[in-house]
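First up is the structure itself, then whatever we jot down about it.
The values are calculated or read from the model by the stated rules, or taken from the named source; none is laboratory data. Because the structure is predicted, anything quoted here is derived from the model rather than measured. Using ideal geometry, Cβ is built from the backbone for each residue, glycine included, and neighbour counts are taken over all protein chains shown.
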Amino acid sequence: MKVLVPVKRVIDYNVKVRVKADGTGVDLANVKMSMNPFDEIAVEEAIRLKEAGKIDEIVVVSIGVEKSQETLRTALAMGADRAILVTATDDVHNDIEPLAVAKILKAIIDEEQPSLVLAGKQAIDNDMNATGQMLSALLGWSQATNASEIAIAGDSAQVTREVDGGLQVIKVTLPAVITADLRLNEPRYASLPNIMKAKKKQLDIKSAADLGIDVSPRLEIIKTSEPSTRSAGVIVESVEELVSKLKEAGVV
Amino acid sequence: MAVLLIAEISAGALAMDATAKTLSAVSSLGDVDILVCDANPDAAAKEAATLKNVKNVLTAKIGNGLAEGVADTVVAIASGYSHIVAPATAAGKNVLPRIAALLDVMVITDVSAVVDADTFERPIYAGNAIQTVKTKDATKVVSIRTSGFDLAETGGSAAVKAADAKESALSSFVEDRVQSSDRPELTSAGVVVSGGRGVGSEEDFAIIEGLADALGGAVGASRAAVDSGYAPNDWQVGQTGKVVAPDLYVACGISGAIQHLAGMKDSKIIVAINKDAEAPIFQVADFGLVADLFDAVPEMTKLVKG
Ligand SMILES: Cc1cc2nc3c(=O)[nH]c(=O)nc-3n(C[C@H](O)[C@H](O)[C@H](O)COP(=O)(O)OP(=O)(O)OC[C@H]3O[C@@H](n4cnc5c(N)ncnc54)[C@H](O)[C@@H]3O)c2cc1C
Ligand SMILES: Nc1ncnc2c1ncn2[C@@H]1O[C@H](COP(=O)(O)O)[C@@H](O)[C@H]1O
């Protein structure tokens, strides 16, 4: 059985994001980019499933600029077998929308025929939390989002999902799209020998145009602005002073 | 223009806070119908019908809100609506993108302001930027970040009708592992007391819960506290957890990473208790106390109880 893992190249989660003064977006020039943290978790889960003998091949796919190759190499160094880059833009500031990403992934899936897609639950740049569900819909597959535990048995998977009230356990028939939440696992670091080996692994490059998919956005970005900021208040000296301030403010 | 609002259901009952705040966010867009999907939708539907300015309440017998069935049910009636909306809860985020893809439109998630019928504001990059987007799609599929909206009023009496429920065999429900609690619900509580890695253990989280109870509030946690097993996952506040905006937020032993701030920085008053004077949480706190939480939190609990 084959698993496909979509991985997105995003601004590193430790970078302080700066909104461009002209309101056209955030500044991505010369900032550190990394694999979306949730996608690292998805890759790790795929590797564990392979180590457990549940799957045989892990194909990672990234959509965006050429440089996303770096992200794919990271996934290959972690333990993925093969990578596909779909170039869809030359400009890092041009974020490909989840609907277009899902259509591209569907085209790849039609060729590759995996039994499972393991995606991240959310990209930490656009914070959309949409691609996995959209892909599942386009494929007519089952979906399980926010997974914190996955058990594959035969032609179905039991998935524990993180939901608002706690946890929900569902069973999905395969093929399925499952999206990874934070507590699914702790991703490994790639070792130096594996980073070297990853350079020789297969990485195919296609373009969205080759696949015949229109990536023009449905959402026009009118502007990007700074959120309202808070300023630091006062440092109180004691618990007593704190409680009396809160009483003054009428919240205690 | 007409709006279809997918009601939030929690353990078979209408989640009034999330549903009524979503209603107030979208009621300027047109007549609103509310859809209740549940194994036994009637009681929740009856309650939804009491919301003011609702035209119809539709019911669909679909157990446990599984995404495939809910999406198919909505898509079957979607042509009657310009907007399909839901609160940006785990359930809403699960189903709306599926509906949008089936309709070949984009989804607009976590909307914090409705500018007009096609234009919406949403936070990106963990709330470090606010994007205003205008959609070109015919049907707008939108999830609402409810913490910034007021409750819609009750006193209405909408008609309740059954819709055609489309159950799907693709997935099935196994069980819920939810803990019931007498505390107010995290996303709608007036007071939230949260603990972080500084709390150090599951047992010591009782200190945080003690202060929350003294203040009549809900309990929250940082990701580090949840990952370490001190607190359950549904207490996580932040970019990838819950978004809260209470009157009072007390952060104890939380450093203030941007991913945590994303979930609480719109609170009215923020209090930080941390033994490290340099902790970034103090930069957003209205009142900061540099202290060991094991001394300060029990003392505060005692003082509040009076
Ligand atoms: C993709 C992604 C998503 C994330 N989503 C979230 C999210 O939704 N929510 C979230 O919270 N985090 C999230 N994080 C994690 C976030 O980056 C931080 O790691 C996390 O918030 C840190 O939690 P903390 O403040 O409890 O722990 P730490 O950063 O370790 O801080 C502990 C604090 O406790 C203080 N302390 C220790 N002992 C005491 C004591 N006795 N008395 C008083 N103070 C004490 C210390 O001074 C320190 O400031 C996410 C990270 C990633 C990569
Ligand atoms: N451009 C992309 N390339 C590869 N995978 C992507 C891309 N965009 C989104 N994804 C996948 O979809 C998940 C959810 O992203 P989003 O819907 O944008 O929040 C990510 O965690 C990835 O697994």
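Key figures
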{"quantity": "Residue tally, condition loosely packed, with under 14 Cβ neighbours inside 10 Å and either at pLDDT 95 or above or touching a His at 6+ places or on another chain (Cβ under 8 Å) (or both), over segment B:159-173", "calculated": "4"}
{"quantity": "Residues (more than 7 Å from chain B (Cβ to nearest Cβ) and more than 17 Å from the chain's Cα centre (by Cα)) located in segment A:131-140", "calculated": "A:Leu139, A:Gly140"}
{"quantity": "Qualifying positions in segment B:52-95 - touching a Ser or Thr at 6+ places or on another chain (Cβ under 7 Å), assigned to a helix (DSSP H, G or I) and at the interface with chain A (Cβ under 8 Å from one of its Cβ atoms)", "calculated": "B:Glu68, B:Lys93, B:Asn94"}
{"quantity": "Some residue of segment B:217-225 being surrounded by 24 or more Cβ atoms within 10 Å (Cβ to Cβ), touching a residue at least 24 places away in the same chain (Cβ under 8 Å), within 8 Å of ligand 1 (Cβ to nearest atom) and over 18 Å from the mean Cα position of the chain (by Cα)", "calculated": "yes"}
{"quantity": "A:Thr71, sole failed condition from (1) in contact with a Lys or Arg (Cβ under 8 Å, 6 or more places away or on another chain); (2) free of Cβ contacts under 8 Å to residues at least 24 places away in the same chain; (3) polar (S, T, N, Q)", "calculated": "(2)"}
{"quantity": "Single residue of B:Ser194, B:Ser188, B:Ser181, B:Ser201 found to be more than 24 Å from B:Gly306 (Cα to Cα), hydroxyl-bearing (Ser, Thr, Tyr) and in contact (Cβ under 8 Å) with a residue 60 or more places away in the chain", "calculated": "B:Ser188"}
{"quantity": "Considering residues of segment A:109-126 that are out of contact with any Leu (no Cβ under 7 Å at 6 or more places or on another chain) and closer than 15 Å to A:Glu57 by Cα only, the residue nearest to the other protein chains (Cβ to nearest Cβ)", "calculated": "A:Leu118"}
{"quantity": "Tally, over segment A:109-161, of residues that are of a type in the set (Ser, Thr, Tyr), farther than 24 Å from A:Ala83 by Cβ and within 13 Å of ligand 2 (Cβ to nearest atom)", "calculated": "1"}
{"quantity": "Conditions (1) over 22 Å from the mean Cα position of the chain (by Cα); (2) among the small types (Gly, Ala, Ser); (3) closer than 26 Å to B:Val95 by Cβ; number of the one not met by A:Ser228", "calculated": "(3)"}
{"quantity": "Which listed residue is of a type outside the set (Val, Ile, Thr) and either at positive phi or modelled with pLDDT of 95 or more (or both), from B:Gly156, B:Gly238", "calculated": "B:Gly238"}
{"quantity": "Selected residue (criterion: farthest from ligand 2 (Cβ to nearest atom)) from residues of segment A:21-43 that are among the acidic types (Asp, Glu) and modelled with pLDDT under 95", "calculated": "A:Asp22"}
{"quantity": "Condition broken by B:Leu289, with the remaining ones in (1) facing chain A (nearest Cβ under 10 Å); (2) buried (at least 21 other Cβ atoms within 10 Å of the Cβ); (3) in a helix (DSSP H, G or I); (4) within 12 Å of ligand 1 (Cβ to nearest atom) satisfied", "calculated": "(3)"}
{"quantity": "Residue under evaluation A:Asp204, criteria (1) within 12 Å of chain B (Cβ to nearest Cβ); (2) closer than 22 Å to A:Ile96 by Cα; (3) assigned to a strand (DSSP E or B), criterion not met", "calculated": "(1)"}
{"quantity": "All positions within segment A:15-45 that are free of Cβ contacts under 8 Å to residues at least 60 places away in the same chain and either at the interface with chain B (Cβ under 9 Å from one of its Cβ atoms) or surrounded by 22 or more Cβ atoms within 10 Å (Cβ to Cβ) (or both)", "calculated": "A:Lys16, A:Val17, A:Arg18, A:Met35"}
{"quantity": "Evaluation of B:Ala231 against (1) in a loop (DSSP other than H, G, I, E, B); (2) more than 16 Å from ligand 1 (Cβ to nearest atom) (one fails), failing number", "calculated": "(2)"}
{"quantity": "Test: residue in segment B:63-73 that is surrounded by fewer than 24 Cβ atoms within 10 Å (Cβ to Cβ) and over 25 Å from A:Leu99 (Cα atoms)", "calculated": "yes"}
{"quantity": "Residue, nearest to the other protein chains (Cβ to nearest Cβ), within segment B:210-228, restricted to residues that are touching a Gly at 6+ places or on another chain (Cβ under 7 Å) and assigned to a helix (DSSP H, G or I)", "calculated": "B:Arg223"}
{"quantity": "Residue, nearest to ligand 2 (Cβ to nearest atom), within segment A:1-20, restricted to residues that are closer than 30 Å to A:Lys106 by Cβ and not in a strand (DSSP E or B)", "calculated": "A:Lys8"}
{"quantity": "Of the criteria (1) free of Cβ contacts under 8 Å to residues at least 24 places away in the same chain; (2) within 16 Å of ligand 2 (Cβ to nearest atom); (3) in a helix (DSSP H, G or I), which one B:Asp295 fails", "calculated": "(2)"}
{"quantity": "Within segment B:262-281, considering residues that are within 9 Å of another protein chain (Cβ to nearest Cβ) and either among the polar types (S, T, N, Q) or under 23 Å from B:Asp204 (Cα atoms) (or both), the one surrounded by the fewest Cβ atoms within 10 Å (Cβ to Cβ)", "calculated": "B:Ala277"}
{"quantity": "Strands (runs of 3 or more DSSP E) lying entirely in segment B:138-209 (those with 1 or more residues that are more than 13 Å from chain A (Cβ to nearest Cβ) and among the aliphatic types (A, V, I, L, M))", "calculated": "B:140-144, B:159-162"}
{"quantity": "Residue in segment A:165-176 that is exposed (fewer than 13 other Cβ atoms within 10 Å of the Cβ), touching a strand residue (DSSP E or B) at 6+ places or on another chain (Cβ under 9 Å) and at the interface with chain B (Cβ under 10 Å from one of its Cβ atoms) present", "calculated": "no"}
{"quantity": "Residues within segment A:114-137 that are within 14 Å of ligand 1 (Cβ to nearest atom) and among the β-branched types (Val, Ile, Thr), tallied", "calculated": "1"}
{"quantity": "Candidates B:Ala76, B:Ala44, filtered to the one that is farther than 25 Å from B:Ser157 by Cα and at pLDDT 95 or above", "calculated": "B:Ala76"}
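Residue-by-condition table, conditions (1) assigned to a helix (DSSP H, G or I); (2) over 28 Å from B:Gly148 (Cβ atoms); (3) within 11 Å of another protein chain (Cβ to nearest Cβ); (4) modelled with pLDDT of 95 or more:
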residue	(1), (2), (3), (4)
A:Thr179	no, no, yes, yes
A:Pro187	no, yes, no, yes
A:Pro193	yes, yes, no, yes
A:Arg230	no, no, yes, no
A:Glu240	yes, yes, yes, yes
A:Ser244	yes, yes, yes, yes
A:Lys247	yes, no, yes, yes
A:Val252	no, no, yes, no
